[in-house]
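Data block below; observations after.
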Ligand code: X5A
Ligand code: ZN
């Protein structure tokens, strides 16, 4: 089932460059593409991808987005003299032409179309296109911001037309606003465009009023354009993750796209001279992974910006390695999002609450408390050339992302003999695979009945191999879940560095001693009666309709579980499912997929013995297959939303990634 990842690259797209002096354009160099591709080769990633050839986009395809006049004008550029090219360039903003750029622009757009073709026809599951020129600034009749044709916009229209794709999600994580994409789909409810971008109250290029959070789309498309303006530089991993958890993911799941396209600019990473942000290259592994179970895994990533060659190459590698299914890097020390980021987050959520039921009951706040007026930067704040240089060299040092090692066994199981082990999953057998030392240790410590002991010994063996990085993930059917949790925790936590995240789905009591000292964080999603929150490390989420309410459950995952998991940064995840949990397979699969964001993919799923039907859907996700789409997410139950908001309010003192409101705003509202 797990099919490959496409990689599209052609050296031809390095064969144009700036031919005159223009400070605004000098960063857009051919090396952007060569360093990215060479890094993929060096890290043995290119080899693991399916190499898909480029092609030129046809006139008809380009005309899906651009005007005939514009196409005809660009067509003339290959034969222009240098002087004519300069002059032609002058009518547009921050872009340059070259005799070969028209050819490259057709290849760039064609690459995006090839990617869509290969993904839609299931020759690959997902893929990335390394292209120049980029696309997201280009408009119906204008080149702009290094872009000639709008590669991703053309790809979205093409997918709709050729494959009858209904809903397309475009995620633009480039640090500039893809205004070209916004203009193209502003009134189209079938294309949801999400962009975050450096904005600085309209002082950052392209300095457009319509890049602000209150441009939500027009007419039928109202609600389908989401702008997250960054009003300060220096945004870091926690700011980006916070926006994904509290805005993009809930809305994207409610939208339920049939295809996801990414405007993948890496100028949003640390070291980039344009973005001046501080998110590390590893963040793109996570952003990619969080999108990988939408649209049944149909994810097309298309390069846009990225101007620090080191940061760019590392970020591209992180993205492709994630598309290939390798375990995610851990993100250590996620801190509190910046106040400015939280203000933006709050504004976006307010602006969109009328369109998305997942935001409808977001904490009641006055809308739009940040002025949308342009704020001119203060004279005194202007940075001197030298001062800026010194500052940026100092801040632009970051460690190279560590290698992401893939254990040879992707998933292993502990099952009784009467249960078939899913294909591609390794079964741990009682005799061969268990260390006798573990068995005797278990017997000594606390187990009296011999039958359960054998299973538990295999579970511990499995955990041991996960800790040793020989096995990535596992699943086990056990007769006593509570006993299994206790055993695993006791086995793993004596190592001071180990933290276990226990996600407990369904009713049942988590033993008191488990959630005591910060070595474990327990999040229990359960139904009915309020459970008491005993400590910072035991978090019961009690839903009225229990886990059977898909939208309520997913809301808990996005707004609570993901931020908590990221902040806690476990070394092992225990996912426990009680027999009466009522959670449907699809939701369970998405949950299992999301949890692989943590602990380098070391997830152990514990199922009570009689939950045999769940083995195969669980194994499928652990093995990297995409989860099925969750269609028709209704508005979550209002009481449940209130419960979760209240919980979040209370917990955000301890868990900073749960915040959606800056403290200053909260204070202002209380007055
Ligand atoms: C694709 C892209 C940036 C243009 C910046 C012009 N364009 N100042 O990142
Ligand atoms: Zn950019």
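What follows draws every value from the coordinates through simple rules; no lab data is involved. All of these numbers come straight from a predicted model, not from anything done at the bench. A quick note on method: Cβ atoms are made from the backbone with ideal geometry, for glycine too, and the neighbour counts reach across all protein chains shown.
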Query - Principal semi-axes in Å for the range 485-608 [√(5λ), Cα gyration tensor, largest first] - result: 21, 16, 13
Query raised in the report: Taking the range 560-603, how much of its Cα-Cα pair set, in percent, is spaced more than 13 angstrom apart?
Result: 56 percent
Query raised in the report: When the Cα atoms of the range 76-153 are enclosed in a convex hull and the volume is divided per residue, what value in Å³ results?
Result: 85 Å³
Query raised in the report: Computed on alpha carbon atoms, what radius of gyration and Dmax characterise the chain, expressed in Å?
Result: 25.4, 88
Query raised in the report: If the range 212-257 were replaced by its equivalent ellipsoid, with semi-axes equal to the square roots of 5 times the Cα gyration tensor eigenvalues, what would those be, largest first, whole Å?
Result: 22, 16, 5
Report task. Run a plain Debye calculation on the range 1-87 (Cα atoms as equal point scatterers, no solvent) and give log10 I(q)/I(0) at q = 0.10, 0.22 Å⁻¹, rounded to two decimals, same order as the q list. Result -> -0.42, -1.17
Query - Cβ-based exposure ranking for 230, 173, 655, in which fewest neighbours within 10 Å come first - result: 655, 230, 173
Query raised in the report: Taking 0.36 nm per intervening residue step and subtracting the Cα-Cα distance, what contour gain separates residue 509 from residue 55 on full extension?
Result: 157.5 nm
**Report entry** Relative frequency of Cα-Cα separations exceeding 17 Å in the range 529-671, percent
**Finding:** 65 percent
Query - Projected label distance in nm at residue 467 and residue 354, using a 7 Å step from Cα toward the beta-carbon - result: 5.6 nm
**Report entry** Rounded to whole Å, sorted largest first: equivalent-ellipsoid semi-axes of the range 1-151, Cα gyration tensor
**Finding:** 29, 18, 11
Query raised in the report: When the Cα centres of the range 256-305 and the range 1-68 are compared, how far apart do they sit, in Å?
Result: 16 Å
**Report entry** Two-decimal ratio, the range 179-321, of alpha-carbon radius of gyration to 2.2 N^0.38 Å
**Finding:** 1.01
Requested in this report: Report, to the nearest 10°, how far helix 385-395 tilts away from the longest principal axis of the Cα atoms in the chain, using its own Cα long axis and a range of 0 to 90°.
Outcome: 20 degrees
Report summary line: In nanometres, the difference between 0.36 nm per residue of separation and the alpha-carbon distance of residue 427 and residue 203 is 74.8 nm
Requested in this report: Mind computing the radius of gyration and Dmax over the alpha-carbon atoms of the range 239-318? Å is fine for both.
Outcome: 12.9, 36
Report task. Please report 193, 163, 16, 9 as a ranked list, fewest other C-beta atoms within 10 angstrom at the top and most at the bottom. Result -> 163, 16, 9, 193
Report task. With runs of 4+ DSSP H residues as the only contributors, calculate the mean residue ellipticity of the chain at 222 nm using -39,500 (n - 2.57) per run, divided by the residue total and rounded to the nearest 500. Result -> -10500 deg cm²/dmol
Query raised in the report: When each pair of different Cα atoms in the range 484-553 is counted once in the 1/r mean, what is the Kirkwood radius in angstroms, to one decimal?
Result: 12.7 Å
**Report entry** the chain, relative contact order in percent, only Cα pairs under 8 angstrom and at least six apart counted
**Finding:** 12 percent
Query raised in the report: Relative to the longest principal Cα axis of the chain, at what angle does helix 31-42 sit, 0 to 90 degrees, rounded to 10?
Result: 30 degrees
Query raised in the report: Using the 10 angstrom Cβ neighbour count as an exposure proxy, how do 357, 36 rank, fewest first?
Result: 357, 36
Requested in this report: Mind giving me the FRET efficiency for residue 41 and residue 612? R0 is 45 Å, r the Cβ-Cβ distance, nearest 0.05 is fine.
Outcome: 0.50
Query raised in the report: Direction-averaged shadow area of the convex hull around the Cα atoms of the range 275-334, nm²?
Result: 4.6 nm²
Query raised in the report: Length gain on complete extension for the stretch residue 646 to residue 374, per 0.36 nm per residue less the alpha carbon to alpha carbon distance?
Result: 94.4 nm
Query raised in the report: Over the range 247-367, what number does the Rg to Rh ratio reach, with both radii from the alpha-carbon atoms and Rh per Kirkwood?
Result: 0.99
